Amino acid sequence: MIINSKGFTLIEFLVAIVILMVGMLGLLQSINLAIDKNLESTFRNEAIMLADDRMMRKRSAGFKIFSGADTIDVQRGFLPVNVRGVLKNYSVQETIQKTTDNSQQLLVDVSWKKKNTRYSHSLSSYISIY
């Protein structure tokens, strides 16, 4: 007796669907991770541009030698920045420190939070006054 079985059985079909679903879940997870890393990179780029802008403004305004304390907080506060249509709060701190030989160091620190993790980007520049 010859049995002609053409096509898939129900069990084979269900196994194929399960394998396909596992593969699709892995693909969706990798897409989610890529979007998360892209957003993290966007936040970092905004912080770099913000710190660079603050540094250039301070350097173009000029410096004066200060007396007294070795460190002065010039500015500290939060700055909301529009990132992909969402306002993201960046914490900006500008500090001037005395160094030797009549020079000063300007420090600009920009920090932000993403998923309860704090990230920061810092810039520094030395200014000599003769």
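Under 9 Å between Cβ atoms, which residue pairs at least 6 apart in sequence (or on different chains) link something in region 41-57 that is in a helix (DSSP H, G or I) with a partner that is among the acidic types (Asp, Glu) and modelled with pLDDT of 90 or more?
Once the first residue is in a helix (DSSP H, G or I) and sits in region 41-57, its partners that are among the acidic types (Asp, Glu) and modelled with pLDDT of 90 or more give ALA51/ASP109.
Taking GLN97 as the residue in question, decide whether it is in a strand (DSSP E or B), buried (at least 16 other Cβ atoms within 10 Å of the Cβ) and at pLDDT below 85.
When the stated conditions are applied, GLN97 does not pass them.
Can you tell me which residue in region 29-59 is nearest to VAL83 (Cα to Cα), limited to those that are surrounded by 14 or more Cβ atoms within 10 Å (Cβ to Cβ) and of a type in the set (Gly, Ala, Ser)?
Of everything passing the filter in region 29-59, ALA47 is nearest to VAL83 (Cα to Cα).
Out of the residues in region 1-26 that are of a type in the set (A, V, I, L, M, F, W, C) and at pLDDT below 85, state the one that is surrounded by the most Cβ atoms within 10 Å (Cβ to Cβ).
PHE8
Exactly one of these conditions fails for LEU87: (1) at pLDDT below 90; (2) surrounded by 13 or more Cβ atoms within 10 Å (Cβ to Cβ); (3) outside any helix (DSSP H, G or I). Give me its number.
Of (1) at pLDDT below 90; (2) surrounded by 13 or more Cβ atoms within 10 Å (Cβ to Cβ); (3) outside any helix (DSSP H, G or I), only one is false for LEU87: (2).
Could you list, in sequence order, the residues of region 100-130 that are touching a residue at least 40 places away in the same chain (Cβ under 8 Å), buried (at least 16 other Cβ atoms within 10 Å of the Cβ) and over 16 Å from MET49 (Cβ atoms)?
Matches in region 100-130: GLN104, LEU106, ILE127.
The values are calculated or read from the model by the stated rules, or taken from the named source; none is laboratory data. Just so you know, these numbers come straight off a predicted model, no measurement behind them. FYI the Cβ positions are ideal-geometry reconstructions off the backbone, even for glycines, and counts take in every protein chain you see.
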